[in-house]
Amino acid sequence: MANSFGSLYVGASGIQNSQHGLNVVANNLSNMDTTGYVRQRTFFSDQIYLKNGQSAISNQQTGLGLKIGDVVHKRDEFLDRAYRQENGRKAYYDTAYEATEEVETFLNEGTGSAFSSSIESLYDALNQFATDPAAEEKQNLVVQKTQLFLSRATSVYQGLSDYQDNVNQKIKDDIDQINSIGKKIRKLNVEIQATEAGGVETAMAKRDDRDKLVDDLSKLAKISTKETPDGVLKVNIEGVEFVSEDRVNPISLYTDNTTGFVTPYWQQLSKTVNGVSERKEVFDTYLSDTAKNQDIGEVKSLLLMRGDHRATYRDFFRTDADGNYTYDTDGNIQEITTFQYNDTIESTKDGLKKPGLGKSVIMNAQAELDRMIHTVAANINDLLSPTETVTNIISRYDAQDTSNATNTEFNKKLSEMVQNGATVTVNGKTISLNSDEGKSLVIMDQDYAVVGADGKLPPNELFSRVAGEKNPDATQYQRYTKATITDSNGNSLDVYVYNDEDGTDLASQYTLSQLTVNNNLIEQPNKIPYKHLSGTINSDSSNLHQNDDIAYDVAKKIYECFDVENFTLNPSDTTATNFNGFYAKYVGDMAEKGNVYKTTSEVLNDTVESVSSSRDGVIGVNADEELENMIKYQNAYNASSRFVNTITQMIDVLLNSLT
């Protein structure tokens, strides 16, 4: 046993260690509700030993008690990693569900509900028009209800675009937050290094702050971390170094000049090749495989929900590098495949992979709405102001059968002129009608022409392109450009060449942002085509019209096109619906997607709570456990005090006995 004075050291160390233990317990309890606080644990180690002698097998030593070995955090690296991964995945699906819910709410309330009712109003107006196309009050009703329909459809589309802008701002804010967190982590790394450099003190409060920042960062993006031996925490985002030992690589933003949409990219990994900037984007949004942990982070989900542009009906169709439609062997426009819609599509312009349209909630809603409006506009315009290729028009004429019901003055003259080497000059370009380009040239089909009260050609379309309405001289944005066909015999024929939509020129497209009601019809509704020209072909090709017959057949077809069940929402939709059922299906499809995201989000919420609970069991403060430790240290303190008192009394007795 140690000598009496040495025993005082043992008792004193017990008092000091118990006091330190009580201080740690008190600190844990006082921070029990502090966000990000990690409970501390006290570890003891031996004090020095005094050598009293030496035996054959060991040294004879006397211990002088214990000392504080260290006060450490209690963390589990596996649980931290699991929590941060699932926290990021939950944020991804929470964001997707929120976007879907916002769009669904918008479509069901206010502007969306008003648009739904405008569809019914237009349908009723066309029904009345079909009963008496020549009645001016019914002509006027069609024009008015078309204006209302188009106005409310535009409001819905604009609302979706406004929400796109809100999401875009959220992306900016999140990137600013990510960069701010990176700077704070870097600063804490330096402070922790400085504090722990001597190997004596552990910067526990700063480590708590740093760990909390990493938890916050895990919600925004997919991250991975690694701590160096000297206490520096290195952070990667999407596999790229974000916080290193000596710097932060901030995320930069590229802003599209047309839409204002931002795209996060790594400045340090980007380069310029032949004067063209090649930016290394932070997030590959076309990758979203759960098994490969590609569906993690709020920012990635926001980018996916927003999309990269304002979507239109053209996004459902394949285009070449110049933005023009591609056609199959039968001459039909090719739709994108189900895989390209639901998964990934490769740009024909630059070869880059992009997420399928179906992955973007907002863009998909825009495209489906625009597809419906474009279909309505095209169907009605083609009935009121029909078009056809030169080849198909001249095929109606049968020179051998003068009694043929489809022989007209128009197709007869056109057929004869083509045989005589006819040419036409359109927009400064001369085209031979015997060439492939000339044969496929689309012109107004005068054989089936319907005109308004003024009896003039070309017939007025109901839906016009805004650019053509604002600038009458911009004929390329109007339905037709007037041209004159001439042949080698000096004959001439005035025709109206159809100005098709240009994939590279938004103003030329019959899309919501570029549509308006024909101003001629707004000013004079009776100019809406409602009667056949004399000498034109009857709709059943049985005879020619006489005396400007009222176009009941055309008006009926316009009304009936609303009831034909040949309309699908998107390439993966296999159940066709009619126009009247479109909106209900449109909203229902959005609700179905929302339910998928909601279910996934709820499952992930349970997962995160489970992992968080397990992690809190390690890093969190348990009041019962801390109270047990408090009693333990209090008892140890009391025992050490009594031990010191006993030794003191013994020494006092010994000293008194010597005197």
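The values are calculated or read from the model by the stated rules, or taken from the named source; none is laboratory data. On a predicted model such as this, the values are computed, not experimentally measured, just so you know. Methodologically, a virtual Cβ is constructed for each residue, glycine included, from the backbone with ideal geometry; neighbour enumeration extends over all protein chains shown. For the accessible areas, the whole protein counts, side chains as well, though only heavy atoms, and no ligand, DNA or RNA atoms are used. Shrake-Rupley method; radii C 1.70, N 1.55, O 1.52, S 1.80 Å.
Which residue, chosen from ALA399, THR430, VAL450, occupies the Cα position most advanced towards the positive end of the dipole of the range 391-451, where the dipole is computed from +1 (Lys, Arg) and -1 (Asp, Glu) charges on Cβ about the Cα centre?
Selected residue: THR430.
Can you spot the lysines whose alpha carbon is less than 24 Å from LYS531's alpha carbon? Ignore those fewer than 8 places along the same chain.
Output for LYS531: LYS138, LYS145, LYS412, LYS413, LYS456, LYS482, LYS556, LYS557.
Just going by the charge dipole of the chain, with Lys and Arg at +1 and Asp and Glu at -1 on Cβ, which of PHE44, ASN166, LEU217 is farthest out on the positive end?
Comparing the listed Cα positions along the dipole, PHE44 ranks first.
Take every Cα pair under 8 Å in the range 67-160 that's 6+ residues apart, average their separations, divide by the length, and report that relative contact order as a whole percent.
Relative contact order of the range 67-160: 28 percent.
Amide H neighbours of ILE431 under 5 Å, at least 5 residues apart or on other chains, H built in the peptide plane: list them.
Amide H to amide H, under 5 Å and 5 or more residues apart or across chains, ILE431 pairs with VAL424, THR425, VAL426.
By average Cβ neighbour count within 10 Å, what is the ranking of 526-534, 434-442, 390-398 from highest down?
526-534, 390-398, 434-442
Order ILE171, ILE57, most accessible first, counting only protein heavy atoms with a 1.4 angstrom probe.
If we order ILE171, ILE57 from most to least accessible, we get ILE57, ILE171.
What is the P(r) of the range 118-180, as percent of Cα-Cα pairs per 5 Å bin from 0?
Spelled out bin by bin, the range 118-180 gives 4, 17, 14, 12, 9, 8, 8, 6, 6, 6, 4, 3, 2, 1 percent.
Under 27 Å Cα-Cα from LYS67, which lysines qualify once same-chain neighbours fewer than 8 residues away are excluded?
Those lysines meeting the cut-off are LYS51, LYS206, LYS632.
If contacts are Cα pairs under 8 angstrom and at least 6 residues apart, what is the relative contact order of the range 522-659 in percent?
Over the range 522-659, the number comes to 10 percent.
Scan around ARG318 for amide H atoms under 5 Å from its own, H built in the peptide plane at 1.01 Å from N, and keep only partners 5 or more places away or cross-chain.
The answer is THR326, GLN334, GLU335, ILE336.
Give me the percent relative contact order of the chain, please, defined on Cα pairs under 8 angstrom at least 6 residues apart.
19 percent
Cα axis of helix 579-619 to longest principal axis of the chain: angle in degrees, 0 to 90, nearest 10?
So the helix axis and the longest Cα principal axis differ by about 10 degrees.
How much net charge surrounds PRO355 when only the other residues with a Cβ under 13 Å from the Cβ of PRO355 are counted, with Lys and Arg +1 and Asp and Glu -1?
The answer is -3.
Quick check for you: with a 1.4 Å probe and neighbouring chains kept, what is the accessible area per residue of the chain, in Å²?
49 Å²
Using the alpha-carbon atoms, what tilt in degrees (0 to 90, nearest 10) does helix 623-658 show relative to the longest principal axis of the chain?
20 degrees
Using helices alone, I'd like the mean residue ellipticity at 222 nm for the chain: each DSSP H run of four-plus residues gives -39500 (n - 2.57), total over residue count, nearest 500.
Mean residue ellipticity, 222 nm, calculated: -16000 deg cm²/dmol.
Considering only DSSP beta bridges where both residues belong to the chain, give the percentage that are antiparallel (nearest 5).
Once the DSSP bridges in the chain are tallied, antiparallel ones form about 100 percent.
Nearest 10 degrees is fine. How inclined is helix 409-419 to the longest principal axis of the chain, computing both from alpha carbons?
That helix lies at roughly 80 degrees to the long axis.
In whole angstrom, how far apart do the alpha carbon centroids of the range 222-294 and the range 411-449 sit?
The two parts, judged by their Cα centres, are 56 Å apart.
Only Lys, Arg, Asp and Glu count, each charged at its Cβ (+1, +1, -1, -1), so figure out the dipole size of the chain about its Cα centre, rounded to 20 debye.
The calculation lands at about 2800 debye.
To make sure I understand the rule: partners must be lysines, Cα under 28 Å from the Cα of LYS593, and not fewer than 8 residues away in the same chain. Which ones qualify?
Of all the lysines, those that pass the test against LYS593 - Cα under 28 Å, at least 8 places apart if same chain - are LYS90, LYS170, LYS172, LYS219, LYS222, LYS292, LYS300, LYS353, LYS354, LYS359, LYS585.
Which whole-number value in Å³ per residue fits the convex hull of the alpha carbons of the chain?
212 Å³
Could you pull the accessible area for LEU658 with a 1.4 Å probe, rounded to 10 Å²?
About 150 Å², rounded to the nearest 10.
Taking the dipole about the Cα centre of the chain, with the C-beta of Lys and Arg at +1 and of Asp and Glu at -1, give me whichever of ILE651, SER640, THR34 is farthest to the positive side.
Comparing the listed Cα positions along the dipole, ILE651 ranks first.
Using a 1.4 Å probe on the protein chains only, how many percent of the accessible area of the chain belongs to carbon and sulfur?
With neighbouring chains kept in place, the figure for the chain is 46 percent.
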